[in-house]
Amino acid sequence: MRVALDARDLACERDDRWLFEALELQVRDGDMLRIEGANGSGKTTLLKILTGQLSPQAGKLEWHGEPLRRVKDTFLRSLLFIGHAPGVAAALNGQQNLAWSAAVAGVEAPSRAIDQALAGVGLAGFEDVPAAQLSAGQQRRIALARLALIPRPLWILDEPFTAIDKDGVGWLEQRLVDHADRGGAVIMTTHHTFQANDRVNSVLLGAAG
Amino acid sequence: MTRGALNQSRTDAVGAPSATVGLVGACAAQVRRELAVARRRGGEWLNPLIFLALVTMLFPLGISPQPDLLATIAPGLLWVAALLAMLLSLDALFRSDHADGSLEQMMLAPQPLAALCLAKVAVHWLLTGVPLALFAPLLGVMLSLPTAGSLTLIASLLLGSATLSLIGAIGAALTVGLPRGGVLLSLLILPLYIPVLIFGAGAVQAAVQGGFAGPALALLGAMLALALVGAPFAIAGALRISIHG
Amino acid sequence: MWTFIHKLGSPKWCYSLCGRLQPGFWIAALLLIAVGSVWSLAYSPPDYQMGNSYRIIYVHVPSAILAQSVFVSMAIASAVFLIWKIKIADMAATVMAPFGAAMTFLGLFSGSLWGVPTWGTWWTWDARLTAMLIQLFLYIGVIALRGAYGRNDQGAKAVAVLTLVGVVNIPIIKYSVVWWNTLHQPATFTLTSRPAMPESMWMPLLIMVLGFYCFFTALTLYRLRNEIIRRESRTRWVQALAE
């Protein structure tokens, strides 16, 4: 098993307000988990907790049965995160952006592999165009090229379908399902309805107040 | 986006171990990235130099063009102007990385954030502090700074500006999430810059007066060593707070 | 011991503890400052060099000492807050900062007043005064950063980091200013480095310093209570208290 993320009795307080309490989560190989909730219900905060960047006020977060904080290094080597802001520098082109992303994530990426990943997200021919000159959707595609370039079992994605066109949405959906089918796991926040919607589990935030 | 391309892009297995890049490689990539960004922004690295020249020009106009008076105040004046030029360049240090989410990626890297920050600050110093240090003696000539002080001016600015970059980055990291961080940044950072200013200008003054600049330079070096050890962790901590609260 | 520290983390318990400790410190502060003032102004002998003007040290020295102690206290509170995430520690650091700034200002002001009879000028770039001026800016920076963030958890952590960076820098700043001072104006006349102050002079000074410390503690406890109420205003126990 590659993915085993457990959250027990998780609670988060922000500025004296409880965003959620007693949250239970279990993510294993092949799981797709969607986190739902109204604006301000703490979706992004929960993702930050699940990626180990914020610590919850209460509850346990475990990676393969060990407290996440203690195995942070191995956890981070299994995690691919694409946030609300995708981490694509406007001044750099796709090649440069991905070379940096891969190296910082600890993965060696020869320029051929980067070109391939860019072609995979439909950006063939745009390799050396600065991201500032690309559309918002194309910038997000640069970020999504990491999915192919940086092989990681656990994907945590904050609103991955934002700014992606119709074709791209279909492709991305397939990409996520494929990843899960091949034994990876996906946690995401999105309002998108999957075609294979029964494949996706949901957690609703904010219902408990 | 064709299916063919899609299939091509997932030739590797999910999470299969691939060739890894270590800490040094990651830092090198960070340096390459910062240099590429700077190259893309073109002449921006010249701005601190122009600022230094402008500020220096104001003093003969505001005080007096008398060479002996200018020579007396030149070491301190050049140091103050260079320090302000460093300060102005710091506000932008993390701002775009914060806005586009790159900082978040750095935080989720398996490499320590402090090391990546150090790489970033090193490039800032290379593109701001080093040009300032090399340019300042030229302005020293215009202020009738005795040539005996030139080398010490370069050395003190090289050492001191690295400390200024490191300390300033802490302030930049603390204010990166604030909408109007610029003025606040100077308020937070300038008091901490004072020791560097004292020893930096002191070294040049000692050299000009025929004294020995060694002790002051050594103290500048000591402060740099202290900043190198402590500042990266403070920067990393401050960034985590600014981004995640 | 650990249960005590744990209890300190509870705002409610801390609130009542502050309430119980407060009167004692107020009384001690009042007594010590009253005794110290009368003693120092009326009974201690005039200085052989400066006559009666030296008596300003009975305000200047305590406030200068407090100016530094308060910053160190804030740094300790900040470290406690960052390490153990005890919110009371941050509240304490919050309420101490303006007092520290006020003490620094008082130290500067009294130092500058003292300068008139001693140096014949309102301001001189004496090492101690300069270091204190820088200290004032450190306080202002901490207060300004807190103001920019507003009263939230993120701002609290940011201020804590700044306070810790500041406290590391205080000795460096102090020594560099002393170095700078000796370089530019050797042999400045300073009072405190003179040997052998007679007991009749330093005893009231000691009492004044203690009085200032008690005043600082009492005021901090008082303001901490207010801060607890303000931040916990939505909790049940505070609302019960208000009724």
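Nothing in this text is a laboratory measurement; each read-out follows from the coordinates by a stated rule. Since this is a predicted model, take the numbers as computed values, not measurements. Every residue, glycine among them, receives a Cβ derived from its backbone with ideal geometry; neighbour counts consider all protein chains shown.
The number of residues in the range A:84-100 that are in contact with a Gly (Cβ under 7 Å, 6 or more places away or on another chain) and buried (at least 22 other Cβ atoms within 10 Å of the Cβ) comes to 2.
Exactly one condition in (1) buried (at least 17 other Cβ atoms within 10 Å of the Cβ); (2) touching a residue at least 40 places away in the same chain (Cβ under 8 Å); (3) more than 9 Å from every other protein chain (Cβ to nearest Cβ) is false for A:K60; which is it? Failed condition: (1). For the range A:41-141, the helices (runs of 4 or more DSSP H) that sit wholly inside it and include 2 or more residues that are charged (D, E, K, R) are A:43-50, A:72-76, A:111-120. Exactly one residue out of A:G168, A:G183, A:G120 is surrounded by fewer than 17 Cβ atoms within 10 Å (Cβ to Cβ), at the interface with chain B (Cβ under 9 Å from one of its Cβ atoms) and within 29 Å of A:V27 (Cα to Cα): that is A:G183. Close contacts from the range C:73-84, counting a first residue that is of a type in the set (V, I, T) and a second that is assigned to a helix (DSSP H, G or I), with Cβ to Cβ under 6 Å and a gap of 6+ residues or different chains, come to C:V80/C:A89.
Listed conditions (1) within 10 Å of chain B (Cβ to nearest Cβ); (2) in contact with a Leu (Cβ under 6 Å, 6 or more places away or on another chain); (3) surrounded by fewer than 20 Cβ atoms within 10 Å (Cβ to Cβ) are all met by A:E127, apart from (1). Kindly establish whether B:G237 is closer than 30 Å to A:T44 by Cβ and touching a Lys or Arg at 6+ places or on another chain (Cβ under 8 Å). Against the criterion (closer than 30 Å to A:T44 by Cβ and touching a Lys or Arg at 6+ places or on another chain (Cβ under 8 Å)), B:G237 does not qualify.
For the range B:209-220, a tally of residues being facing chain C (nearest Cβ under 10 Å) and either closer than 24 Å to C:G166 by Cβ or touching a Leu at 6+ places or on another chain (Cβ under 8 Å) (or both) returns 2. Of the residues making up the range C:132-186, just one is closer than 18 Å to C:K87 by Cβ and aromatic (F, W, Y), namely C:Y149. Among the residues of the range A:85-110, the ones that are more than 7 Å from every other protein chain (Cβ to nearest Cβ) and farther than 20 Å from B:R39 by Cα come to 3 in all.
Criterion first (in contact with a Leu (Cβ under 7 Å, 6 or more places away or on another chain), farther than 23 Å from A:T190 by Cβ and free of Cβ contacts under 8 Å to residues at least 12 places away in the same chain) does A:A102 satisfy it? So A:A102 does not fit the description; no. All conditions in (1) surrounded by 13 or more Cβ atoms within 10 Å (Cβ to Cβ); (2) out of contact with any Gly (no Cβ under 9 Å at 6 or more places or on another chain); (3) of a type outside the set (D, E); (4) farther than 25 Å from A:R2 by Cβ hold for A:T193, with the sole exception of (1).
The residue that is surrounded by the fewest Cβ atoms within 10 Å (Cβ to Cβ), among those in the range C:120-163 that are of a type in the set (F, W, Y) and touching a residue at least 12 places away in the same chain (Cβ under 8 Å), is C:W125.
In the range C:148-174, of all residues being more than 20 Å from the chain's Cα centre (by Cα) and part of a helix (DSSP H, G or I), the one that is farthest from the other protein chains (Cβ to nearest Cβ) corresponds to C:G155. Considering only residues in the range C:111-147 that are of a type outside the set (G, A, S) and facing chain B (nearest Cβ under 7 Å), the one that is nearest to C:E227 (Cα to Cα) turns out to be C:L145.
Residues that are within 11 Å of chain B (Cβ to nearest Cβ) and more than 17 Å from A:D31 (Cα to Cα) were ranked within the range A:152-165; the one that is nearest to the chain's Cα centre (by Cα) is A:I164. Checking each residue of the range A:23-30 against the condition of being within 13 Å of chain B (Cβ to nearest Cβ), within 20 Å of A:I164 (Cα to Cα) and in a loop (DSSP other than H, G, I, E, B) gives no match. Among all positions in the range B:221-233, there is at least one residue which is facing chain C (nearest Cβ under 9 Å), farther than 19 Å from B:I154 by Cβ, touching a residue at least 24 places away in the same chain (Cβ under 8 Å) and within 17 Å of the chain's Cα centre (by Cα).
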